[in-house]
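Visitor: What follows is a single structure, and I will ask about it in a moment.
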Amino acid sequence: MFVARSIAADHKDLIHDVSYDFHGRRMATCSSDQSIKVWDKGGNGEWNCTASWKTHSGSVWRVTWAHPEFGQVLASCSFDRTAIVWEEIVGESNDKQRGQSHWIKRTTLVDSRTSVTDVKFAPKHMGLMLTTCSADGVVRIYEAPDVMNLSQWSLQHEISSKLSCSCISWNPSSSRAHAPMIAVGSDDSNVTYGGKVQIYEYNDVTRKYAKAETLMTVADAVHDIAFAPNLGRSFHVLAIATKDVRIFKLVPLRKDSSSSAPTKFEVQVLAQFDSHNSQVWRVSWNITSTLLASSGDDGCVRLWKANYMDNWKCTGILKGDGSSVSGQPGVLSGVLGSAAALSALNGATGR
């Protein structure tokens, strides 16, 4: 049975993001109080704050973990127009520090002219790469050529989306049949303009990212976006948090392998739910992509699951305090991964 736990986060302002590490044993939170806190799960299941430090000179919108293959590495982004890479170092210099860890700033990425609204590490198979998106409509991709020296990052690509960017998601597929792909969401206030979600694909011939698809049916501000883990599927599944929850299926159409044109997709709407009756702020998948969690201004986390007919249904609702909503499906047992808890973040406003 899923048991909710309450954490006294002790942030002095609104918490904007919660992020789990690969194993789900560590958690990072960030806030408008300009700080990041790192939490470790103890043997008794309680979360303990093991580090807290001031990071930026503005609200910290997002924090994210690199794959543990690259060490204990975090990245954060802020209203102060920067993204920062942090690395945990275990003290060895003296008896007082020995065995104790602290986080140090490895680099500050200062290319953006406006608020940096999201930051994500690329899938592990691509190496140590980091993507940011900004209110100026530019997606930037950086690479650390030497994973042992995280103070050196080179700007590899700049993608101009023409719209204010609010969120990004890498396609996690490691299949050689799928080129590297990034989904970009926009919270542009122009509600008459469709296409608030754009898909960019890397082309081996041109060595650049090009727009492959625009989801023209998404005309409302997009707050979060998430590709589902791809476990050998030939198509891609994308969840979007806007004024409702939407799940899209992107089926690649055949193309000439030598062509420099980006892949075209057949776009299908798998599901659309307005059950939150409010803005939806986060969507998150479990590791097998069988369960989607969403959170909204209604103060609830809702869990969505597809049956064998690929019809998506709500399988559980959690209130902000972790209790289930009476009279609603209560299928909360089983493996939720970190999806439910990650999505238990409400009201991430103010960008």
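The values are calculated or read from the model by the stated rules, or taken from the named source; none is laboratory data. Because the structure is predicted, anything quoted here is derived from the model rather than measured. Neighbour counts are summed over all protein chains in view; Cβ atoms, including those assigned to glycine, are modelled from backbone coordinates with ideal geometry.
Visitor: Can you confirm whether S19 is assigned to a strand (DSSP E or B) and out of contact with any helix residue (DSSP H, G or I) (no Cβ under 6 Å at 6 or more places or on another chain)?
Guide: Working: assigned to a strand (DSSP E or B): yes; out of contact with any helix residue (DSSP H, G or I) (no Cβ under 6 Å at 6 or more places or on another chain): yes.
Criteria met by S19.
Visitor: Also, quick follow-up: Mind checking which pairs have a first residue in segment 193-209 that is within 13 Å of I159 (Cβ to Cβ) and in contact (Cβ under 8 Å) with a residue 60 or more places away in the chain and a second that is polar (S, T, N, Q) and surrounded by 21 or more Cβ atoms within 10 Å (Cβ to Cβ), Cβ under 9 Å, 6 or more apart or different chains?
Guide: I199/N171; Y200/S161; E201/N171
Visitor: Let me ask something else. Mind checking which residues of segment 210-232 are surrounded by fewer than 20 Cβ atoms within 10 Å (Cβ to Cβ) and in contact (Cβ under 8 Å) with a residue 60 or more places away in the chain?
Guide: The answer is P229, and nothing else.
Visitor: Of all the residues that make up segment 215-228, how many are of a type outside the set (A, V, I, L, M) and modelled with pLDDT under 95?
Guide: Within segment 215-228, the first condition is being of a type outside the set (A, V, I, L, M), and the residues that meet it are 217, 220, 223-224, 227.
Within this subset, residues satisfying the condition of being modelled with pLDDT under 95 are 217, 220.
Final tally of qualifying residues: 2.
Visitor: Further question: Across segment 132-145, which residue is farthest from the chain's Cα centre (by Cα) among those that are at pLDDT 95 or above and over 26 Å from A239 (Cβ atoms)?
Guide: The residue in question is A144.
Visitor: Looking only at segment 131-150, count every residue that is in contact with a Lys or Arg (Cβ under 6 Å, 6 or more places away or on another chain) and surrounded by fewer than 20 Cβ atoms within 10 Å (Cβ to Cβ) and tell me the total.
Guide: The total comes to 2.
Visitor: Right, here's the next one. Could you list, in sequence order, all residues of segment 193-205 that are among the acidic types (D, E) and in a strand (DSSP E or B)?
Guide: At the first step, the residues of segment 193-205 found to be among the acidic types (D, E) are 201, 204.
Passing the criteria: only E201.
Visitor: Sticking with this structure for a sec: I'm checking my understanding of the structure. Among residues of segment 162-192 that are among the hydrophobic types (A, V, I, L, M, F, W, C) and outside any loop (DSSP other than H, G, I, E, B), which one is nearest to V138 (Cα to Cα)?
Guide: Residues of segment 162-192 among the hydrophobic types (A, V, I, L, M, F, W, C): 163, 165, 167-168, 170, 177, 179, 181-184, 191.
Going one step further and asking which of them are outside any loop (DSSP other than H, G, I, E, B), we end up with 165, 167-168, 170, 181-184.
Values: C165: 7, C167: 11, I168: 11, W170: 16, M181: 16, I182: 13, A183: 13, V184: 10 Å.
Result: C165.
Visitor: Okay, moving on. Going through segment 206-246 one residue at a time, which ones are within 19 Å of P123 (Cβ to Cβ), in a loop (DSSP other than H, G, I, E, B) and within 19 Å of the chain's Cα centre (by Cα)?
Guide: A228, P229, N230, L231
Visitor: Would you point out the residue of segment 90-130, among those that are loosely packed, with under 14 Cβ neighbours inside 10 Å and either among the β-branched types (V, I, T) or assigned to a helix (DSSP H, G or I) (or both), that is modelled with the lowest pLDDT?
Guide: V90
Visitor: Still on this structure: Filtering segment 266-290 down to residues that are buried (at least 21 other Cβ atoms within 10 Å of the Cβ) and either of a type in the set (D, E, K, R) or more than 16 Å from the chain's Cα centre (by Cα) (or both), which residue is nearest to D224 (Cα to Cα)?
Guide: R282
Visitor: Looking at segment 57-71, which of the residues that are closer than 30 Å to H125 by Cβ and not hydrophobic (A, V, I, L, M, F, W, C) is surrounded by the most Cβ atoms within 10 Å (Cβ to Cβ)? It would help to see each step written out before you state the result.
Guide: In the first step, residues of segment 57-71 are kept if they are closer than 30 Å to H125 by Cβ; the result is 60-71.
Cutting the leftovers down to not hydrophobic (A, V, I, L, M, F, W, C) gives us 62, 64, 67-69, 71.
Working: R62: 24, T64: 21, H67: 15, P68: 13, E69: 9, G71: 14.
Of everything passing the filter in segment 57-71, R62 is surrounded by the most Cβ atoms within 10 Å (Cβ to Cβ).
Visitor: Of all the residues that make up segment 28-48, how many are free of Cβ contacts under 8 Å to residues at least 24 places away in the same chain, surrounded by 13 or more Cβ atoms within 10 Å (Cβ to Cβ) and in contact with a strand residue (DSSP E or B) (Cβ under 7 Å, 6 or more places away or on another chain)? Lay out the reasoning, then the answer.
Guide: Taking segment 28-48 as the starting set, the residues that turn out to be free of Cβ contacts under 8 Å to residues at least 24 places away in the same chain are 33, 40-44, 48.
Pick out the ones that are also surrounded by 13 or more Cβ atoms within 10 Å (Cβ to Cβ) and you get 33, 40-41.
Next, from what is left, pick out any that are in contact with a strand residue (DSSP E or B) (Cβ under 7 Å, 6 or more places away or on another chain): 40-41.
Number of matching residues: 2.
Visitor: Residue check: is S161 modelled with pLDDT under 95 and either surrounded by fewer than 13 Cβ atoms within 10 Å (Cβ to Cβ) or touching a helix residue (DSSP H, G or I) at 6+ places or on another chain (Cβ under 7 Å) (or both)?
Guide: Working: modelled with pLDDT under 95: yes; either surrounded by fewer than 13 Cβ atoms within 10 Å (Cβ to Cβ) or touching a helix residue (DSSP H, G or I) at 6+ places or on another chain (Cβ under 7 Å) (or both): no.
For S161, the condition - modelled with pLDDT under 95 and either surrounded by fewer than 13 Cβ atoms within 10 Å (Cβ to Cβ) or touching a helix residue (DSSP H, G or I) at 6+ places or on another chain (Cβ under 7 Å) (or both) - is not met.
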